[in-house]
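Here is the structure we will look at, set down as structure tokens.
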Amino acid sequence: MSQKQIYSGMRTKMLTVIKESGRNKNRCILWKCRCDCGKVVDITATALRQGQQSCGCMQGSVKHRQTNTRLYTIWTGIKRRCYNTHDKSYQKWYGAKGIRMCDEWKNDFMSFHDWAISNGYTEELTIDRIDSTGNYEPSNCRWVTAQEQSINKRNNVWFTYDGETLTEIEWARKLEVEPTTIKRRFKKYGSPYGKED
């Protein structure tokens, strides 16, 4: 174990090694690492060889035995999308666009956990931001089904008819037809009902 090689790009559970960064006061070699939570820290080669898995952000959750739960995976996923510049989602939709996680949740998994449980979380639901341009915070998040979440996507197509504005999917569900039928009807007739209107 003590001879395990440390190198740039090496991964532990949540850490990516960036480069060697000097020595600490005890003359131990330090490596600069980026945690999936977004924090950049210096960690000793010894700690990396012994399997240190995060910058320390996991410690509060470990004592609660939550690290293998779906909710913990959701929490780390949010942090990765918001703070890990190497994550594809960071670049396209989240961190690079200014989306963040509130400090209350970012710094304390159990705060996120308690909010989730008291706001209807179940294993079948996913987290959804009510305002898709807003942050991950209690006032802007809810638990919804995957189908409900699809309605809140940025790239949804919205149609208005007779004062009612719904997404293509919502119109399709309301009229019990395929979404492509709704798109075709609006394009040709200007209504979700088509020529029958």
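The values are calculated or read from the model by the stated rules, or taken from the named source; none is laboratory data. This is a predicted model, so every value here is computed, not measured. No Cβ is skipped: glycine too gets one built from the backbone with ideal geometry, and neighbour counts run over all protein chains shown.
The table for this structure:
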item: Residue list for region 76-107, restricted to those being charged (D, E, K, R), over 22 Å from Ile18 (Cα atoms) and at pLDDT 85 or above; result: Lys97, Arg100, Asp103, Glu104, Lys106
item: Filter result for Ala116 (crowded, with 19+ Cβ neighbours inside 10 Å, among the aliphatic types (A, V, I, L, M), over 10 Å from the mean Cα position of the chain (by Cα) and not in a loop (DSSP other than H, G, I, E, B)); result: yes
item: Residue among Thr85, Thr16, Thr67 that is in a strand (DSSP E or B) and either touching a Pro at 6+ places or on another chain (Cβ under 7 Å) or under 30 Å from Arg129 (Cβ atoms) (or both); result: Thr16
item: Among (1) modelled with pLDDT of 90 or more; (2) on the phi > 0 side of the Ramachandran plot, the one test that Gly120 misses; result: (1)
item: Evaluation of Pro138 against (1) buried (at least 17 other Cβ atoms within 10 Å of the Cβ); (2) touching a Phe, Trp or Tyr at 6+ places or on another chain (Cβ under 6 Å); (3) at pLDDT 75 or above (one fails), failing number; result: (1)
item: Where Phe159 falls short, out of the listed (1) modelled with pLDDT of 85 or more; (2) surrounded by 16 or more Cβ atoms within 10 Å (Cβ to Cβ); result: (1)
item: Leu166, sole failed condition from (1) outside any helix (DSSP H, G or I); (2) surrounded by 13 or more Cβ atoms within 10 Å (Cβ to Cβ); (3) modelled with pLDDT under 90; (4) not assigned by TED's automatic domain parsing to the domain that holds Thr181; result: (4)
